[in-house]
Amino acid sequence: MQSRVLYLSRTVKQLVVLSLDVVLALLATWIAFSLRLDAPHWPSGAQWWVYALAPVISIPVFVRFGLYRAIFRYTGQAALQATGMAVFIYGCLLMSVLAWQQWPAVPRSLGVLQPLVFLVLIGASRAFARFWLADVNRARAHCEGRLLIYGAGTAGVQTAAALRMSHQYALLGFVDDDATKAGRSLNGVPVFSPHEVPQVVAKQGVTDILLALPSATRDRRNAILSSLRPLPVHIRTLPGMSDLASGRVTVQDFRELDLEDLLGRDPVPPNAALLARELAAQVVLVTGAGGSIGGELTRQIVLQRPRQLLLLDHNEFGLYSIHQELQGICAAHQLGVELIPLLGSVANPARLKAIFEVYRPAMVYHAAAYKHVPMVEDNPGEGVLNNVFGTLNTARAAQASGARRFVLISTDKAVRPTNVMGASKRMAELVLQALAMQQSGTCFTMVRFGNVLGSSGSVVPLFRRQLSEGGPLTVTHAEVTRYFMTIPEAAQLVLQAGAMAVGGDVFVLDMGEPVKILDLARRMVELSGLRVRDADHPDGDIEIAVTGLRPGEKLYEELLIGDNPKPTAHTRIMKAHEDYLAWDDLLPHLNTLRTGAEQADLARIKTVLQTCVHGYGDAQH
């Protein structure tokens with residue numbers, strides 16, 4: 001019977017409880033009359049009005065206090081307080097009506113007695129439902145998951161309330177760093193200290209740990225995750241507590257722990273006044289807007305309230321998706337930004353010329369590029385045409401239309417590259433450096449950074465898919481190492497660096513410490529509550545396979561060609577000083593490179609890249 005109730009739809013449950021409250025309102029009225037008249041009561045005359053008023057007044061009040069929204073999700077003190085306040089307001093309204101009408105044979109004291117009886121009946125019905133359903137919840141939870149909540153603050157307590165009516169988990173306890181809470185209990189649930197967690201996991205068969213730490217710093221979360229990694233538990237984290245409290249999120253929406261939670265850093269706030277000065281009320285163009293980096297740039301730019309935001313991409317679905325998302329952001333924040341989706345390729349100079357002549361953007365963020373190393377290695381002509389000449393086409397169109405700033409999104413793979421993709425991005429940098437020296441009205445700059453977590457082509461989505469398929473996770477080399485940064489942080493720093501440029505600048509983002517990809521794969525397995533299967537642990541769950549370096553892949557990435565980068569006004573942005581070619585010297589090489597790319601002449605392409613790009617063609621390192 002309990003199971004049938006649990007599987008009823010939310011609307012049906014609400015109607016059942018509402019109907020029950022109507023019956024209880026009538027019953028409370030009958031009991032109140034019987035107690036007041038000292039005999040079993042049968043209504044007559046004006047007394048029928050009291051029976052009618054009880055549900056007519058009480059149900060709207062209960063709806064207003066959210067009793068039917070919350071009853072299936074929350075129990076405990078907060079629900080009792082809401083119920084008590086709702087019945088109090090109802091009693092005041094009922095008493096006012098009785099005092100106003102002064103019906104014969106209706107005692108005035110009924111305005112006090114009936115709400116008191118009603119409160120007892122309502123409270124008893126809620127308590128009975130809670131304990132009646134708790135039996136099946138506990139039985140199901142024992143089978144499906146045994147949970148600890150890390151964090152005994154407001155977020156943790158609210159989460160426990162949400163879980164109490166769920167039938168997925170048995171809540172075994174809280175974990176909290178506060179020594180004054182350890183050894184105590186919250187609503188009957190014990191609170192453990194962090195050093196007790198391994199013993200609790202082993203003794204009580206904990207299967208899941210949920211992080212309820214919305215205000216913890218990134219360093220603190222990293223330290224907690226490091227301490228939990230050796231345990232055979234599935235670690236997840238909370239969605240936004242505002243969503244949870246409003247009922248828009250259920251326990252099924254607790255999100256998997258992303259590697260952003262482990263590798264990301266606490267953000268350094270940008271200079272808001274500087275960004276507003278560069279972007280507010282301006283026409284801004286983002287190329288590659290449908291991609292991961294371009295898309296995040298548009299999300300952050302739109303919050304600065306530009307007059308128009310131009311979204312350029314040759315991928316129809318990607319462009320449609322980001323346009324729809326930005327429309328939602330504008331509506332939610334009442335931004336009033338005109339969003340203009342533009343289908344087109346940066347390799348098409350005629351299309352670019354038309355766009356720039358019509359809209360005349362003041363700020364251009366050039367994120368359009370082919371970035372997948374093996375793909376560009378197999379298609380070098382297309383990679384060069386898109387990455388090098390797409391940049392040149394866009395830069396010339398920006399110059400001709402009088403754009404104020406042009407920011408190229410570059411990559412650490414442009415530094416001493418061993419692949420065509422990296423070399424093509426360095427050539428794009430050289431193009432901008434040469435153009436910047438011509439002293440045009442457009443300020444050209446470039447921002448160089450490493451891998452971003454979750455971007456298209458990133459190893460992280462690949463690992464997620466392989467993990468969901470049961471493995472193996474594939475790593476190209478046991479020693480391969482990369483820098484990582486979250487997409488939002490990278491986009492924020494790009495905007496900040498672009499606003500600081502004076503012309504020809506090569507900005508390098510502080511990527512933190514490099515991460516060994518093999519270690520990253522291990523962390524991903526362990527944070528999913530699984531064990532790596534290897535020679536030392538043949539009974540593990542997921543294997544990590546080393547497949548060999550791909551064409552053009554390096555073991556280590558670098559961010560600087562030269563040495564001694566200079567600091568800037570932002571702690572995570574450095575300014576590099578690197579050699580470049582003057583435009584007259586670079587132009588013949590570009591002409592030869594274009595011919596080689598258009599004719600798919602790999603030898604000619606590589607000859608130009610080896611001549612112009614420092615380090616290209618050297619042995620891998």
_Residue pairs meeting the criteria (Cβ under 9 Å; at least 6 apart or on separate chains; first within 16 Å of P232 (Cα to Cα), in the range 516-540; second part of a loop (DSSP other than H, G, I, E, B) and polar (S, T, N, Q))_ = G529/T207
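Can you confirm whether G390 is assigned by TED's automatic domain parsing to the domain that holds L587, part of a helix (DSSP H, G or I) and under 24 Å from the mean Cα position of the chain (by Cα)?
Numbers: assigned by TED's automatic domain parsing to the domain that holds L587: yes; part of a helix (DSSP H, G or I): yes; under 24 Å from the mean Cα position of the chain (by Cα): no.
So G390 does not fit the description; no.
Is it true that some residue in the range 331-340 is part of a loop (DSSP other than H, G, I, E, B) and free of Cβ contacts under 8 Å to residues at least 12 places away in the same chain? Even if it seems obvious, please write down each step before you answer.
First, pick out the residues of the range 331-340 that are part of a loop (DSSP other than H, G, I, E, B): 334-337.
Add one more test, that the residue is free of Cβ contacts under 8 Å to residues at least 12 places away in the same chain, and what stays is 334.
Yes, some residue in the range 331-340 is part of a loop (DSSP other than H, G, I, E, B) and free of Cβ contacts under 8 Å to residues at least 12 places away in the same chain.
Would you be able to tell me the number of residues in the range 500-512 that are touching a helix residue (DSSP H, G or I) at 6+ places or on another chain (Cβ under 7 Å) and crowded, with 22+ Cβ neighbours inside 10 Å?
Start the filter on the range 500-512 by keeping residues that are touching a helix residue (DSSP H, G or I) at 6+ places or on another chain (Cβ under 7 Å), which leaves 503-504, 506-507, 509.
Going one step further and asking which of them are crowded, with 22+ Cβ neighbours inside 10 Å, we end up with 506-507, 509.
Number of matching residues: 3.
Might you let me know whether the range 294-312 holds any residue that is among the small types (G, A, S), without any contact (Cβ under 8 Å) to a residue 60 or more places away in the chain and surrounded by 22 or more Cβ atoms within 10 Å (Cβ to Cβ)?
Step one: list which residues in the range 294-312 are among the small types (G, A, S), which gives 294-295.
Now narrow it down to the ones that are without any contact (Cβ under 8 Å) to a residue 60 or more places away in the chain: 295.
Pick out the ones that are also surrounded by 22 or more Cβ atoms within 10 Å (Cβ to Cβ) and you get 295.
Scanning the range 294-312 turns up at least one residue that is among the small types (G, A, S), without any contact (Cβ under 8 Å) to a residue 60 or more places away in the chain and surrounded by 22 or more Cβ atoms within 10 Å (Cβ to Cβ).
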*Scan the range 193-240 residue by residue and report those that are closer than 15 Å to G153 by Cβ and in a strand (DSSP E or B).*
L210, L211, T237
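Residue by residue, here is whether (1) under 18 Å from A161 (Cβ atoms); (2) at pLDDT 80 or above; (3) crowded, with 18+ Cβ neighbours inside 10 Å holds:
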site	(1), (2), (3)
A54	no, yes, yes
L67	yes, no, yes
Q77	yes, no, no
I89	no, yes, no
C92	no, yes, no
P104	no, no, no
L110	no, no, yes
L119	no, yes, yes
A124	no, yes, no
*Select from the range 361-381 the residues that are in contact (Cβ under 8 Å) with a residue 60 or more places away in the chain and more than 33 Å from the chain's Cα centre (by Cα) and write down the one among them that is nearest to L593 (Cα to Cα).*
G381
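In the range 356-396, what residues are β-branched (V, I, T), more than 21 Å from T607 (Cβ to Cβ) and buried (at least 23 other Cβ atoms within 10 Å of the Cβ)?
Of everything in the range 356-396, those that are β-branched (V, I, T), more than 21 Å from T607 (Cβ to Cβ) and buried (at least 23 other Cβ atoms within 10 Å of the Cβ) turn out to be V364, T394.
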*asked:* Which residue is modelled with the highest pLDDT, if the candidates are limited to the range 430-464 and must be more than 32 Å from the chain's Cα centre (by Cα) and among the β-branched types (V, I, T)?
replied: V431
*Scan the range 372-384 and give yes if some residue there is modelled with pLDDT of 90 or more, farther than 30 Å from R307 by Cβ and small (G, A, S), otherwise no.*
yes
_Residues of the range 423-452 that turn out to be in a loop (DSSP other than H, G, I, E, B) and closer than 19 Å to T411 by Cβ, as a count_ = 1
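The values are calculated or read from the model by the stated rules, or taken from the named source; none is laboratory data. Values in this document were obtained by computation on a predicted structure and should not be read as measured data. Neighbour counts are summed over all protein chains in view; Cβ atoms, including those assigned to glycine, are modelled from backbone coordinates with ideal geometry.
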